[in-house]
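One structure is given below, encoded as structure tokens.
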Amino acid sequence: MQNKRIVITGGPGTGKSSVISNLESKGHYCFHEISRQITLEAQEQGIDQLFLDDPLLFSEKLLEARIKQHQNAREPSRKLVFLDRGIPDVVAYMDYFGTTYPSKFRDACTDHKYNRVFLMPPWDEIYTTDNERYESFEQAQNIYEYLKKAYITFGYQPIEVPKQSIENRSDFILNNLDI
């Protein structure tokens, strides 16, 4: 029996990581967002914002890491695996920024499928910026639209998660896994 890979996505600052942490605290296996790790590694090498300095290189590193997460999520002993963002997020962000990219990015979205996608909407009341999250709330809203479009383009029907407490959002996701 194959396990189920569930993506939780949305624009920056929508509570994805908090919900992933909550699901993990309930005993679910989760893969955390990896773009911050890539950004921090670049900063250690003297590149302040790799995504801004070389968006294609950043996206290639991100694509490679997300494909690895997808492959690692296939571990048969795990019934459900939650991922903080998926491979189509890479394409959505490059489309948002107008970055030209090779077909391997779209191919990866087609070749590595998820079972369910949950989309966290922009939420002004919880939105904050930090060293790795530099987008304005208005930009976050636009990114959300690109994410939604990317997942639909690759055949998904994203389920929007209501703006509620972390616990209620986690329960909503768990209660909508009819796969």
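Only the coordinates and a few stated rules stand behind these numbers; no lab work does. All figures in this text were calculated on a predicted structure; none of them were measured in a lab. Heads up, the Cβs are rebuilt from the backbone with ideal geometry, glycines too, and the neighbour counts pull from every protein chain shown.
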message: Taking the condition of being under 16 Å from ALA65 (Cβ atoms) and either of a type in the set (A, V, I, L, M, F, W, C) or surrounded by fewer than 15 Cβ atoms within 10 Å (Cβ to Cβ) (or both), how many residues in the range 21-35 meet it?
response: 3
- prompt: Restricting attention to the range 147-166, and to residues there that are outside any helix (DSSP H, G or I) and of a type in the set (A, V, I, L, M, F, W, C), which single residue is farthest from VAL19 (Cα to Cα)?
  reply: PHE154
task: Tally the residues that are small (Gly, Ala, Ser) and in a helix (DSSP H, G or I), restricting the search to the range 92-102.
output: 1
